Amino acid sequence: MRKRTVIGSGLLALVLAGGLTGTAQAAAGDRVHHWGPVQSKSGHGGYAKADVWLSDFRSERFVVSGKLYDRDGHSGHCAYMRVRFHYKSGGTGWSQVRYTCSTKGKSFKLSSDGEVTRADVRVCLVSYRTNGIFSCYTDPIKASTVANWPR
């Protein structure tokens, strides 16, 4: 009886370790290219900033991830971001909204529903009280630009 438990526990540990390794590899695959900072225009009290990482444009699901920072001194203003995906098959689609009021930053991960040729990363400030979006800057990221990067 005791041998069976040990073997069963060992098998469970092996399966869990394999699952974690696969998850770690998938997460690492999402962060292939470091695009760098995308910063909103300056408002009257500061700006919003996102440090952006990209997956490979050739992947079925394109991922934009990183960390979003609120660099605005007003307590009622927060950092806001959204990504517009331009699909290979035609058409566009917006990601979910991410926002933070933290100067320490908040991690984000936004993904497409298929292959894309371009992703427009939009970083803005948002008024916490009125939900008004202002001081936006959009950085268009094209597959052709990323393809020419040194490897």
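The values are calculated or read from the model by the stated rules, or taken from the named source; none is laboratory data. Being a predicted model, the structure only gives us computed values, none of them experimental. Because the Cβ atoms are built from the backbone with ideal geometry, glycine has one as well, and the counts that use them run over all protein chains shown. Heavy atoms of the whole protein, side chains included, go into the accessibility calculation; ligands, DNA and RNA do not. Shrake-Rupley method; radii C 1.70, N 1.55, O 1.52, S 1.80 Å.
When the range 57-75 is filtered for residues that are in contact with a strand residue (DSSP E or B) (Cβ under 6 Å, 6 or more places away or on another chain) and open to solvent by less than 40 Å² (accessible area, probe 1.4 Å), the ones remaining, listed by number, are PHE62, VAL63, VAL64, SER65, GLY66, LEU68, ASP70, ASP72. Checked against (1) modelled with pLDDT under 95; (2) small (Gly, Ala, Ser); (3) open to solvent by less than 60 Å² (accessible area, probe 1.4 Å), SER144 meets all criteria but (3). Within the range 129-150, residues that are closer than 16 Å to SER55 by Cβ have Cβ atoms under 8 Å from residues that are open to solvent by 60 Å² or more (accessible area, probe 1.4 Å) and of a type in the set (Ser, Thr, Tyr) in these pairs: LYS142/THR117; ALA143/THR117, counting only partners at least 6 apart in sequence or on another chain. So in the range 86-132, with the set limited to residues that are more than 30 Å from ALA147 (Cβ to Cβ) and of a type in the set (Ser, Thr, Tyr), which one is modelled with the lowest pLDDT? Per the criteria, the residue is TYR128. When restricted to residues that are part of a strand (DSSP E or B) and not basic (Lys, Arg), the range 99-151 contains 25.
Kindly indicate whether ARG71 is part of a strand (DSSP E or B) and modelled with pLDDT of 95 or more. Answer is no for this residue.
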